[in-house]
Amino acid sequence: MEILKQDIAPSRRVPAAKIQFPPEDRAWIAERIQEVLASGQLTLGKYGAEFEQQFAQVCGTRHAIAVNSGTSALEIILRVLGTEGKDVLVPTNTFFATAAAVVHAGGRPVLVDMDPESFAVRPEDVEKTLTPKTAGLIVVHIGGIVSRRMPELQEWARKKGLWLVEDAAHAHGSSYNGVRAGSFGIAGAFSFYPTKVMTSGEGGMIVTSDDRMAEEARMYRDQGKASFTQNAHVRMGYNWRLSEPHAIIGLRHLARLPAMMTDRQQIAAFYDAGLKGLRNLSPVEVPAGGVCNYYKYIVVLTQKQDRRALKALLRDQYGVALAGERCMRNRCTSSRCSNHTRPVRFRRRKTTAPGTCVFRSFREWTKLRPARFWTR
Ligand SMILES: Cc1ncc(COP(=O)(O)O)c(C=O)c1O
């Protein structure tokens, strides 16, 4: 097989996933957790505020609001935007939570095909999918790649009078032409789930430069209270708060983000060199002017490629860790576990439909819902 001829150093061993908390970071975190335990302020305290301020700086936005997951970040944004009873355009190639958040916020996800070249949505496909009830569009930066078509999508949404929200769960630190992921639209949602490029254990962040969005999001995350100290509930919020220990972990990882991105970029360059010029294989490229955090390294295969043989070869001869190699969940050994971390993902290019569809139709999604809830 032709990959054998490629110059991939067998001595390089690329782990599937390695969460980086070296001893000095663990000590830093433990010291501050001791401090908050002693103080008794375990939620919505100074570390949460510092995490928000530093994260906003990284994204180039005026505000950041820390929450307890990427899913809640999305739902809060959609609630603030008043999605109830409206249609929201969502890419087919995403994680469950993107579409689920729309439904939880009372809206209807309408699926937009993805571009098999970039794995992102294209303005022409978005235009085709528009419905009379469309309120806005969610874009997802799959694998940490910000599409070169983001400015066109921004312009399209502006012209149509629709909002643009970014599901930036994969894209901490990524950018295109100097514009940071999370700052293209009215708001962006990040996840700090442990498989992500940076983590806080569990957690999420809303970033926005819109003062009203920030103010409302703060209310929604804390049971819809008008303020932390008031027991007046003015919105239908929920407990979406991030605890101080989680904020402390996140703060430490945020400081490590540039170094962790450099590591991933070096590994990606190693893959790029090794896979270059191979027939039937094309890595999804980061556009010129783009910075990618390489949450995932995605390679598209044509139908002709023997996927299994290629994977075995990369793993056995070159030590390259592939999809499903190691799970971040305790005690999980299944190579089929969907929770495995995936630095290299092989996707087969389809001739008619895009590579992966999480939901092929809204109806398929609705089957997951309890019938009583649905018919109410
Ligand atoms: C694209 C995307 N959106 C949203 C989420 C949800 O994030 P969380 O697990 O923090 O709720 C994820 C998490 O994997 C994701 O990959």
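The values are calculated or read from the model by the stated rules, or taken from the named source; none is laboratory data. Keep in mind that what you see is a predicted model, and the values were worked out from it rather than measured. When we count neighbours, we look across all protein chains shown, and the Cβ atoms used for this are built from the backbone with ideal geometry, even at glycine.
Summary of computed values
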item	result
Positions within region 52-94 being within 16 Å of the ligand (Cβ to nearest atom) and acidic (Asp, Glu), in sequence order	Glu75
Per-region count, region 233-287, residues under 22 Å from Leu310 (Cβ atoms), over 19 Å from the mean Cα position of the chain (by Cα) and not hydroxyl-bearing (Ser, Thr, Tyr)	14
Condition check for Val88: out of contact with any Lys or Arg (no Cβ under 6 Å at 6 or more places or on another chain) and closer than 28 Å to Lys296 by Cβ	yes
Flag if Tyr294 is within 16 Å of the ligand (Cβ to nearest atom), within 30 Å of Gly40 (Cβ to Cβ) and either touching a residue at least 24 places away in the same chain (Cβ under 8 Å) or in contact with a Leu (Cβ under 9 Å, 6 or more places away or on another chain) (or both)	no
Matching residues, region 233-272, being in the same structural domain as Lys296 (by TED's automatic domain parsing) and in contact with a Lys or Arg (Cβ under 7 Å, 6 or more places away or on another chain)	Phe270
Flag for Thr195 being touching a Lys or Arg at 6+ places or on another chain (Cβ under 9 Å) and within 11 Å of the ligand (Cβ to nearest atom)	yes
Flag if Glu124 is acidic (Asp, Glu), touching a residue at least 60 places away in the same chain (Cβ under 8 Å) and surrounded by fewer than 22 Cβ atoms within 10 Å (Cβ to Cβ)	no
